[in-house]
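Below is one structure, written out as structure tokens; comments come after it.
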Amino acid sequence: MRCMRIVVLAGITAAASTAALALPAQADIPTRHGRTAAECEYPADVLDLGNWKLTLPTGEDEDPTDITQPDLATFSAQPWFQADEDCDAVQFRSPVDGVTTGGSSYPRAELREMTDDGEDEASWSTTEGTHTLVVKEAFTALPNDKPHLVGAQIHGGDDDVTVFRLEGSKLYITDGDDTHHHLVTDDYELGTEFEAKFVARDGKIDAYYNGERETTISSDDDSNYFKAGAYTQANCENSDPCDGDNYGEVHISSVKVTHS
């Protein structure tokens with residue numbers, strides 16, 4: 001189940017982490033974000049990335065490329081992390097042959113929540129205060145053979161706590177290692193934008209889909225943070241071909257975090 005490929009690289013290179021996207025000249029066309037295409041040279045022109053860092057599927061073995069602020073404000077890496085030509089969303093793409101972190105066998109092009117204008121890593125408790133993530137996103141491509149992809153998550157100190165996970169046309173909300181904890185829909189179509197929302201408070205996490213609460217998960221972890229992007233749940237051992245043409249992809253048009 002694959003979507004149309006617009007921009008493809010033959011493989012992954014570290015040089016991609018410093019590449020900037022050159023967008024077509026549509027300077028006089030306003031977008032729904034109030035900007036013109038010419039003003040969307042970087043993903044930070046579309047999304048507020050002030051308190052995020054980015055991990056890319058490039059770099060050295062088990063040492064992927066991380067981009068932090070202030071560099072993230074003027075960073076683009078085609079095709080892994082780039083603003084779309086209409087300035088409506090940011091493309092996150094993660095191929096099956098991408099570089100992984102030491103704690104995972106799967107590659108990612110993913111944002112990680114930070115604090116203090118991107119200087120420090122966020123870490124908060126589900127039992128103190130209220131912590132909310134709202135992401136408007138669309139899954140736009142899935143890897144072959146194992147078409148599994150994560151688009152947004154709450155991560156704890158050692159592992160993910162709960163995620164929005166697409167498997168083919170089935171969209172799930174997970175609970176720890178229970179990847180099929182709650183089925184949101186079994187007929188998701190690639191390219192369909194939806195709103196994913198997590199609200200963590202009082203030792204519980206409410207998960208919402210398009211404004212409707214879908215499930216509530218118990219959690220008392222005190223080292224949580226939000227993540228959003230394309231976390232491909234496939235690699236070269238279970239998906240073919242083993243190259244940059246085989247990937248998971250997510251387009252995010254809005255991402256907002258609040259703590260109170």
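Which number do you get for Rg(Cα) / (2.2 N^0.38 Å) in segment 88-158?
1.31
Would you mind estimating how fast segment 106-260 diffuses translationally, via Stokes-Einstein at 37 °C and 0.692 mPa s with the Kirkwood radius over Cα pairs, in µm²/s?
Translational diffusion coefficient: 210 µm²/s.
Please give the solvent-accessible surface of H181 in Å², to the nearest 10, using a probe radius of 1.4 Å with every protein chain present.
Probe radius 1.4 Å; accessible area of H181 about 60 Å².
Using the basic label-point model (7 angstrom from Cα toward the beta carbon), what is the S218 to S123 distance in nanometres?
The two pseudo-label positions are separated by 2.6 nm.
Suppose each label sits 7 Å from its Cα in the direction of the beta carbon; what would the N238-E85 distance come out to in nanometres?
Once both label points are built, they end up 3.5 nm from each other.
Under a plain spin-label model, where a point goes 7 Å from the Cα along Cα-to-Cβ, how far apart in nm are S104 and K170?
The two pseudo-label positions are separated by 2.1 nm.
Taking only the alpha carbons of the chain, what extent do you get along each of the three principal axes, in Å, biggest first?
Here the spans come out as 49, 39, 35 Å, largest first.
Count the lysine pairs in the chain whose Cα atoms lie under 12 Å apart, taking only pairs 8 or more positions apart in sequence or on different chains.
6
Could you give the spread of the C-alpha atoms of segment 189-260 along their three principal axes, from largest to smallest, in whole angstroms?
Answer, in whole Å and largest first: 45, 27, 20 Å.
Which FRET efficiency value, to the nearest 0.05, do you get for D61 and T179 by plugging their Cβ-Cβ distance into 1/(1 + (r/R0)^6) with R0 = 30 Å? All intermediate terms of the calculation are to be shown ahead of the outcome.
Working: r = 26 Å, r/R0 = 0.88.
For R0 = 30 Å, the calculated efficiency reads 0.70.
The values are calculated or read from the model by the stated rules, or taken from the named source; none is laboratory data. Since we're looking at a predicted model, the values are computed, not measured. Heads up, the Cβs are rebuilt from the backbone with ideal geometry, glycines too, and the neighbour counts pull from every protein chain shown. Note: areas computed on protein heavy atoms with side chains; ligands, DNA, RNA excluded. Shrake-Rupley method; radii C 1.70, N 1.55, O 1.52, S 1.80 Å.
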